[in-house]
Amino acid sequence: MAVITELIDAGLRLKEQGNKKGAIEHFRQLLATYPGHARITFELAGAWRAFGVPEQALPLYRELLAMPKGQGLPPKDLPRLYTQLGATLRILGEFDESLAIIQEGLRLHPSYRPLRAWHIFALYSAGSPQVALLDAMDLMLESLAPSRWDIFEEDIIAVVKEMRADLLPEEQARIADAGNAPAPSKSLAAKPEKPARRSRSKQIRVTEDEPGVDEVDVAVTLRQPKGKSGRRGKRKKKNPQLGKRPVRIDISSQADKKAKKPDDEEPQARAGSLKIPVDPE
């Protein structure tokens, strides 16, 4: 057994050093040499998860959970098995099964905090964010010393109880399914994507429903104002309609034969277009 332990530790060192592919190959060879060995199977599954291939880890975790007592992992490692199996199912989108596995683990190991944390994540993914939030509050209250809550600990506990009492029947059923395990809570969801910035350029079309009026294309060029002059005088009050960023507007029609080119020193222009009806005469 000492030799197997040393070989397993060698594979774990590869994993810790970041050589995850090497760790996978190491544990695969070990498992081929010692088929059915629970600890090697467990570490191989963990190496696949760390390598980002949870679908390879899933059947190994299922195999471990199905092993008869005495042939599988020792009792001290079973909370880790339930946690990693539930986490793997969640990653693969099997939210209901993930929640069921973790709740089963909590019935057997109600004080294992990593399992409770993943119970929160599973509840969130399974569509029970309110229960997850309350469970997270419970775990947080238990994790911090009472002195960290000042005089508000009892008030916080009372509010959590009130919120639990207001849960919908189906949410209360989820809590009941956990048996004597602490109420599950939900982990933080993926950060929502930041909304795209609105474009500052617009295309405007101005028309009038009048007979005999032609439309002429007019190019509108917006330019940043030039630098401040050296004159010192009374500061003019800004026109509120112009906002905080004044611009200069140059308008020229296609009929202009001699279009003035922008100065080299001026910033690059941003161009847009609009149509304005004009009197042809």
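Here, each number is a calculation from the coordinates, and none is a lab measurement. Note that the coordinates shown come from a computational prediction; the quantities given were computed from them, not determined experimentally. Positions of Cβ are generated from backbone atoms using ideal geometry, with glycine treated the same way; all protein chains shown enter the neighbour counts.
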Distance in nm between LEU65 and ASP166 label points, each 7 Å along Cα→Cβ, equals 3.5
Distance in nm between GLU25 and PHE152 label points, each 7 Å along Cα→Cβ, equals 5.5
For the range 2-126, the dipole about the Cα centre with charges only on Cβ (Lys and Arg +1, Asp and Glu -1), to the nearest 20 debye, works out at 260
With the convex hull built on the alpha-carbon atoms of the range 2-126, volume per residue in Å³ sits at 105
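If you put +1 on each Lys and Arg Cβ and -1 on each Asp and Glu Cβ, how big is the dipole of the range 82-140 around its Cα centre, in Debye rounded to 20?
Dipole of the range 82-140, to the nearest 20 debye: 180 debye.
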